[in-house]
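Shown next, in structure tokens, is the structure this report addresses.
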Amino acid sequence: MGLRADLIGARSHVSPEAGSLGADFYARAVLDVARDLLGCVVEHGGCAGVIVETEAYHESEPACHAFVGVTPRTRTLFADPGTAYVYRSYGIHALLNAVCEPPGVGAAVLIRALEPLRGVERMRERRGGVGDEQLCSGPGKLTQALGVELRHNATSLLDGPIAIRRRALEIEPVAPVAVAPRVGITKAVDLTWRFCLAGNPHVSRPRPSL
DNA sequence: CATGGGATTGACT
DNA sequence: GTCAATCCCATGC
């Protein structure tokens, strides 16, 4: 069976996800969580996609919002593991992160791209008729496609409106993981804390070389 | 209270 | 390749 190329729509009736990820999953080192979130499914309001790109951020490095400590903006980053950190970027886009590491440690995984899985028609409506490979190929695009907004900041990914689930074992992705520097930052640019499913067409630009 | 800078995107040269 | 849009908030006076 074609498990790789024809995910869109074809598996809508297969119930492809196992249970929601627990707090213990997110409480680990943020780099491990970023890597392990690849292949998991993000769902909101009937729309869902497979995570194909992530980045890790940690309070110990200056590209992370939590580097400055606890402020009204960064408070969520220090909350319980498995909390959604949603913030506005460049005045326009809402970016979705999963808070990681033990409570009190400011760290999160930025969800940067999805392979659309369910609710694709609704995503197309929200995204204004772009091609299916552009529906969720960026952190601002995927929140627009899923209808994730700033009001979801600080909600739980364990039992809240946004869910992240593991997929069933038989359809776990087998693609190798590409590791690269993070996108769009000006500090700590040398850290290779970006993770992508290599060769997946829904990864954002710039595509990491294999 | 004023200012400046983004974990981006899409339109345009 | 360049660039503007547009909002939240950190910082400094």
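The values are calculated or read from the model by the stated rules, or taken from the named source; none is laboratory data. Being a predicted model, the structure only gives us computed values, none of them experimental. With ideal geometry, Cβ positions are generated from the backbone for all residues, glycine too; neighbour counts draw on all protein chains shown.
Which of (1) outside any loop (DSSP other than H, G, I, E, B); (2) of a type in the set (Lys, Arg); (3) closer than 25 Å to A:Pro81 by Cα does A:Arg126 not meet, given it meets every other one?
It is condition (3) that A:Arg126 fails.
If we keep just the residues of the range A:84-113 that are hydrophobic (A, V, I, L, M, F, W, C) and farther than 15 Å from A:Ala56 by Cα, which is surrounded by the fewest Cβ atoms within 10 Å (Cβ to Cβ)?
Filtering first and then ranking leaves A:Ile92.
What tally of residues in the range A:7-50 results from selecting those that are in a strand (DSSP E or B) and either in contact with a Gly (Cβ under 8 Å, 6 or more places away or on another chain) or modelled with pLDDT of 95 or more (or both)?
As a first pass, look at the range A:7-50 and keep what is in a strand (DSSP E or B): A:17-20, A:41-44, A:47-50.
Still in the running and either in contact with a Gly (Cβ under 8 Å, 6 or more places away or on another chain) or modelled with pLDDT of 95 or more (or both): A:41-44, A:47-50.
Summing the residues that are in a strand (DSSP E or B) and either in contact with a Gly (Cβ under 8 Å, 6 or more places away or on another chain) or modelled with pLDDT of 95 or more (or both) in the range A:7-50 gives 8.
For the range A:125-134, give me the residue count where each residue is free of Cβ contacts under 8 Å to residues at least 60 places away in the same chain and in contact with a strand residue (DSSP E or B) (Cβ under 9 Å, 6 or more places away or on another chain).
Filtering the range A:125-134 down to residues free of Cβ contacts under 8 Å to residues at least 60 places away in the same chain leaves A:125-131, A:134.
In the following step, the residues that additionally are in contact with a strand residue (DSSP E or B) (Cβ under 9 Å, 6 or more places away or on another chain) were identified as A:126.
The qualifying residues number 1.
Can you name every residue in the range A:81-125 that is more than 10 Å from DNA strand B (Cβ to nearest atom), of a type outside the set (A, V, I, L, M) and under 22 Å from A:His65 (Cβ atoms)?
Listed by number, the residues that qualify are A:Pro81, A:Gly82, A:Thr83, A:Cys100, A:Glu101, A:Pro102, A:Pro103, A:Gly104.
Can you tell me which condition A:Leu3 does not meet? The list is (1) of a type in the set (A, V, I, L, M, F, W, C); (2) at pLDDT 95 or above; (3) surrounded by fewer than 22 Cβ atoms within 10 Å (Cβ to Cβ), and all the others hold.
Of everything listed in (1) of a type in the set (A, V, I, L, M, F, W, C); (2) at pLDDT 95 or above; (3) surrounded by fewer than 22 Cβ atoms within 10 Å (Cβ to Cβ), A:Leu3 misses just condition (2).
Being of a type outside the set (A, V, I, L, M, F, W, C), assigned to a strand (DSSP E or B) and on the phi < 0 side of the Ramachandran plot is the requirement here; does A:Glu115 meet it?
Taking the combined requirement at face value, the residue satisfies it.
Can you work out which of the residues in the range A:68-83 that are of a type in the set (D, E, K, R) and more than 6 Å from DNA strand C (Cβ to nearest atom) is surrounded by the fewest Cβ atoms within 10 Å (Cβ to Cβ)?
In this case the residue turns out to be A:Arg75.
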